[in-house]
Amino acid sequence: MAKPSGSEEISVVVESENTDSALGATKSDEEDSSPKKTSWCTPKWLLFLFCVINMLNYIDRGVIASTGVNGTRRVCNASGECIPGKGIQGAFNLTNFQDGVLSSAFMVGLLIASPIFAFLAKRHNPFRLIGVGLLVWTLATAGCGGTFNFWSIAVCRMLVGVGEASFISLAAPFIDDNAPAAKKTFWLALFYMCIPVGIATGYEYGGLVAGHLGWRYAFFGEAIVMLPFTLLCFIMKPLQLKGFAPNEATSVQTVVLEVCEVIITEVPDQAKDAVNISSGEGQSNKKTSEKKTPLSKRAINQISRIWKDLKVLLLDKVYVVNVLGYVAYTFVIGAYSYWGPTAGADIYKMTNADMVFGGITLLCGVFGTLAGGYLLDRVTSTIRNGFILLAAATILGGICCFAAFCFKSMFGFIPFFALGLLILFAAQAPVNFVCLHCVRPSLRPISMAISTVAIHLLGDVPSSPLVGVLQDHIHSWRKTALILTSIFVIAAAIWFGGIFLHSVDRYSEEDNATEPLAGENTVERLDHHPQVSES
């Protein structure tokens, strides 16, 4: 209604007479639409499901690095006679540089897609996002088996990282939500224990399948095994993450407090009031206007939300200290996994360095990771106790590894190095526990995503080439290994500083107020409306 000239407005907020009934209906609707697990999907089954998927992810890491799948280049002698190459490198006649690119190409997709999936979790069901990621992973892995040149397999390896990104950033929060209160860190330890087991299994599986059927079938086999788990994420009723409101609940929330704004326009000449009530029509007009919102404006709004979440994380001292320590820790562990066999073969003249380091990593990874999770639960899983365990494990493990490289005999090196790795792997579960519990529940996916990006981008990705450069200058693997191991002191010092920070476990912070999905309309509460005023 047009407003006559000279008129005055009185803005009145009227609560609908049906508010009580609406509230009652809403509660029942929310109960009906609340996330319910299927009868068979108990917390233990969910943990088993995620552990198998995580192991398959890391089996793929082992497969691409295994001797049978990775292969060797074609070798030609001076007379022109050539010995055919094997595996991927032989099939596409790759240079060593190209071969190295393939081993780390998945990192590109992982680093780019991890934050994206974490932000999408605010608008879409996180469990379904895992299904989408696993579908990309399955198709990309099968694609690796059908590739025809370097660029085709490089692109497929990047897409494998994209698929893995959804799982890496969202699985840990799901486990944290479903684990018993007294075993949260131990359940995380079971999940991360699958990393060394998966890599070691991938070495054996890749060599076995490539030796009998060919390297392409190793990738086809992975895709076939992952497919049922991918379909399961789409078929079963989607689970919800703590801190994220389901779509149904969000749509219902618009009915909870139905408020009508009554604008009374005083018309002196006609001596009567014209009342304009805006309710449902206003909401539909708002929705229509939202649909017409320019793409550029929506993009700016999304970037604004992303920056807001990132700013919260970057200003959280507990989170930053935890991730910085994790970066320094991963820098050394990553270099160990890549250069360890080479250094061992050079220093101690090992004839089977791959088997020695592989076996040590597998056993210490399994028992050390489980021990770290169990120990933190036993002493009460708090953030402060997590930092204490992280600092202690890193400094003690680092001392053992440093002492190991000082031995001139292999028989002195192996027990000390194994003990050091056993203690060091105890940090895996506590560091992720701190990442999950130092932020509010709705920020856990992005917390895990940024942590993953940081430890790879600043940790294990640059550490291998930098250690190679150091070795080229020093020409002594013993000195290089000792310098590398000393970086554990930096990691321990950073985590030790975290003990003295004021830390609050924010897991229960949003128990009574879940965060609405990004882009959804929120309902203004009565106390947010202006009071009745007279002119």
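The values are calculated or read from the model by the stated rules, or taken from the named source; none is laboratory data. Just so we're clear, the structure is a prediction, and the values are computed from it rather than from any experiment. With ideal geometry, Cβ positions are generated from the backbone for all residues, glycine too; neighbour counts draw on all protein chains shown. Keep in mind that these areas ignore ligands, DNA and RNA; they rest on the heavy atoms of the full protein, side chains included. Shrake-Rupley method; radii C 1.70, N 1.55, O 1.52, S 1.80 Å.
Of the helices (runs of 4 or more DSSP H) entirely within the stretch 419-508, those holding at least 2 residues that are closer than 18 Å to Asp309 by Cα and either in contact with a His (Cβ under 8 Å, 6 or more places away or on another chain) or among the hydrophobic types (A, V, I, L, M, F, W, C) (or both) occupy 428-437, 444-455.
Residue count for the stretch 199-226 under the criterion of being touching a Phe, Trp or Tyr at 6+ places or on another chain (Cβ under 6 Å) and at pLDDT 90 or above: the result is 1. Gly340 fulfils the conditions (1) open to solvent by less than 60 Å² (accessible area, probe 1.4 Å); (2) in contact (Cβ under 8 Å) with a residue 24 or more places away in the chain except for a single criterion, (2).
Assessment of the stretch 451-461 against the conditions (among the small types (Gly, Ala, Ser), in contact with a Cys (Cβ under 7 Å, 6 or more places away or on another chain), modelled with pLDDT of 90 or more and more than 19 Å from Gly344 (Cα to Cα)) yields at least one matching residue.
So, Ser279, is that one modelled with pLDDT under 85, of a type in the set (Ser, Thr, Tyr) and open to solvent by 50 Å² or more (accessible area, probe 1.4 Å) or not? No. Taking the condition closer than 30 Å to Pro430 by Cβ and surrounded by fewer than 17 Cβ atoms within 10 Å (Cβ to Cβ), does Leu484 pass? So Leu484 fails the test.
Sub-9 Å Cβ pairs linking a first residue in the stretch 153-175 that is touching a residue at least 40 places away in the same chain (Cβ under 8 Å) to a second residue that is open to solvent by less than 10 Å² (accessible area, probe 1.4 Å) and among the charged types (D, E, K, R), at least 6 apart or interchain, are Val160/Asp60; Glu164/Asp60; Ser169/Arg444; Leu170/Arg444; Ala172/Arg444; Pro173/Arg444, ordered by first then second residue. Here is the figure for the stretch 77-106: residues that are more than 23 Å from Ser463 (Cβ to Cβ), in contact (Cβ under 8 Å) with a residue 12 or more places away in the chain, out of contact with any strand residue (DSSP E or B) (no Cβ under 8 Å at 6 or more places or on another chain) and part of a loop (DSSP other than H, G, I, E, B) total 2.
Here's the yes/no breakdown for (1) modelled with pLDDT under 95; (2) crowded, with 24+ Cβ neighbours inside 10 Å:
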| residue | (1), (2) |
| --- | --- |
| Ile112 | yes, no |
| Pro115 | yes, no |
| Ala121 | yes, yes |
| Pro126 | yes, yes |
| Ile130 | yes, yes |
| Leu139 | no, no |
| Ala142 | no, no |
| Phe148 | yes, no |
| Val162 | yes, no |
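With the condition kept exactly as written, say whether any residue in the stretch 397-407 is of a type in the set (Val, Ile, Thr), farther than 25 Å from Arg478 by Cβ and open to solvent by 10 Å² or more (accessible area, probe 1.4 Å). So far as the stretch 397-407 goes, no, none of its residues is of a type in the set (Val, Ile, Thr), farther than 25 Å from Arg478 by Cβ and open to solvent by 10 Å² or more (accessible area, probe 1.4 Å). Select, from Val13, Val69, Val52, the only residue that is of a type in the set (Val, Ile, Thr), at pLDDT 50 or above and surrounded by fewer than 17 Cβ atoms within 10 Å (Cβ to Cβ). Result: Val52 is the single residue among Val13, Val69, Val52 that is of a type in the set (Val, Ile, Thr), at pLDDT 50 or above and surrounded by fewer than 17 Cβ atoms within 10 Å (Cβ to Cβ). Considering (1) part of a helix (DSSP H, G or I); (2) surrounded by 23 or more Cβ atoms within 10 Å (Cβ to Cβ), the lone condition that Leu362 does not fulfil carries the number (2). Here Val467 passes the criteria (1) over 24 Å from the mean Cα position of the chain (by Cα); (2) under 21 Å from Leu362 (Cα atoms) except the one numbered (2). Scanning the stretch 303-326 for residues that are assigned to a helix (DSSP H, G or I) and either at pLDDT below 70 or among the aliphatic types (A, V, I, L, M) (or both) gives Ile303, Ile306, Leu310, Val312, Leu313, Leu314, Val318, Val320, Val321, Val323, Leu324.
Under the condition of being closer than 14 Å to Met107 by Cα and either open to solvent by 20 Å² or more (accessible area, probe 1.4 Å) or in contact with a strand residue (DSSP E or B) (Cβ under 6 Å, 6 or more places away or on another chain) (or both), the residues counted in the stretch 431-453 number 2.
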